[in-house]
Amino acid sequence: MKMNSTTSSKLSTRKLVKTLKSSQKISELIKWYMLKAKINEYLPWKKSAWITSSLPVELLWGLNIFPLHPENNACISGARKVSLDLIEHAESLGYSRDVCSYMKTNVGAYDKKISIRIGGIAKPDFVVTAGSICDTHVKWFQIQARRMDVPIFVFDVPHIVSGTSKSTKIRYKEYLIEQIYDFFDFVEATTGKKLNEKYVLKIWENSARLSDLWQQIYEHRKNIPSPVGYADTLGDIFPLVLLPGLKKSIKYFEDLLKEVEEYVALGKGALLKEEEKFRLMFEGIPMWYRIKFFHQLMNYGAIVTYEPYTFSFGASRPHVDNLEDGVNAMAESMLQQPYFYNLSDRIAYFKDVIKKYHIDGVLLHENMSCRPSCTGMYDLKQKIQQDLGIPVLLFTCDMTDPRAYGKEQMQTRIESFMEILEQSKSKRLDY
Ligand code: SF4
């Protein structure tokens, strides 16, 4: 197929595809959170902590500690197009180009005291981190805790790898349970905040309900046309990341689910049925400074209908009615990290999703500054193409460093990929 000028402008056009009405209300939740963060900053009896995405944020809500999330704020800086300035500030301090751009964005945002509206973050009462996803999380929080002169708690999370026996897994969980109780003591000693069992359980129950709703929304993405694309879900994960135990998050997801169900009942999709040509899976962290990429894919009739990244934030949580089971469930969730998957499990996971979500092609984001999220991508690409005959595009970018995004190069690669998808789909329809 020869590209004409209309085709070649599809990835640069400014026209954005409309997202669900309920999704648009995410800005209200974000504003509420920002306002609370701002108020907390000025009230000395309110306590806050920085937390990483590998830990259940319910740990903080349950102890009445307001969570501040450097990674989330870095995404906001990316989306607000200020991350490059912050990254360059961190690089001027000696951090290399290869270091995680979330970390560098956070260093810049904190030092420059930028507004919370564009990703600024306040000094916390303590920081809590773990090395479960990456070693960066630990070093990053250690460095920042030292610079801010605040206490740090580090969870030592063992990795379940291929061959880890059942008895070893049980020992790992017991080890984590001990650390969770140590954490409760640490918080009390640091802030004076005591564990309120009833409140912790309420938060955990709300969180379990929120995950259930997220999974139901995901189930509907199997429909053709898909009612929800990545242009929606990349904002929709906010309550799962930061507000999982709150009633207002549940209301947000209930409204979202209702709208999705209405779409499905009417046979409606994010794209019209006749427009939905290619259903895609996207692996990796999105390029936050280029959110319109996911809208513009729809100009080709392509929609991302599954992302392991957004799915992982709403992993199943058991409904519990006592503290022991709640702590047990938290320990379990800390051991279930998506990046723990060994290659064969990951391939099996991808194959399952490709089948269930009727995926035509896969986009793999090889992220320049996040080693864990791009490990194994070449093997994944090869296996999926070989075993399933599904086209895979592996491209190199970065989540908050826009220097890694080559506009022209991406345009050429996406256009060729769309041609390959077209050919592959017609061949598969011939069978
Ligand atoms: S290296 Fe990757 S997983 Fe680790 S903090 Fe950075 S983005 Fe997150």
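None of the figures in this text is laboratory data; all of them are computed from the coordinates on show. In this text, all values refer to a predicted model and were calculated from it rather than measured experimentally. With ideal geometry, Cβ positions are generated from the backbone for all residues, glycine too; neighbour counts draw on all protein chains shown.
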Problem set entry | Per-q log10 I(q)/I(0), the chain, q = 0.08 Å⁻¹ (Debye; single scatterer per alpha-carbon; no solvent) | -0.45
For this session: Please work out the C-alpha center-to-center distance from segment 180-254 to segment 113-137 and express it in whole Å.
Result: 19 Å
For this session: Select from the chain the helices, each a whole stretch of DSSP H, whose alpha-carbon atoms run 15 Å or more along the helix axis and whose Kyte-Doolittle mean is at least -0.5; answer none if there are none.
Result: 26-42, 166-191, 247-266, 323-335, 343-356
Seminar exercise, completed: Over the chain, the sum of -39500 (n - 2.57) across DSSP H runs of at least four, divided by residue number and rounded to 500 deg cm²/dmol, gives at 222 nm -16500 deg cm²/dmol
For this session: Quick one: among S22, S48, S344, which has the greatest mean-square fluctuation in a GNM of the chain with alpha-carbon springs under 10 angstrom?
Result: S344
Exercise. Of the residues D135, D236, D125, which exhibits the maximal mean-square fluctuation in a Gaussian network model of the chain defined by a 10 Å Cα contact cut-off?
Worked result: D135
Problem set entry | Anchor K25: aspartates and glutamates whose Cα lies under 12 Å away (excluding residues fewer than 8 positions away in-chain) | D232, D236, D255
For this session: Would you mind checking K21/K46; K104/K198; K123/K247; K268/K292; K113/K198; K169/K355 for any pair whose Cα atoms are more than 32 angstrom apart?
Result: K21/K46; K104/K198; K113/K198
For this session: Once you have the Kirkwood Rh of segment 71-127 from its Cα pairs, apply Stokes-Einstein at 10 °C and 1.306 mPa s and quote D in µm²/s.
Result: 145 µm²/s
For this session: Name the residues whose placed amide hydrogens come within less than 5 Å of the amide hydrogen of F66, ignoring near sequence neighbours (fewer than 5 apart) on the same chain.
Result: K47, S48, A49
Exercise. Please state the relative contact order of segment 5-430 as a whole percent: Cα pairs under 8 Å, 6+ residues apart?
Worked result: 20 percent
Exercise. What does the highest-first list of 77-89, 278-290, 325-337, 410-422 look like by mean Cβ count within 10 Å?
Worked result: 278-290, 77-89, 325-337, 410-422
Problem set entry | Rough spin-label spacing in nm, given labels placed 7 Å along Cα→Cβ, for E219 and S27 | 3.2 nm
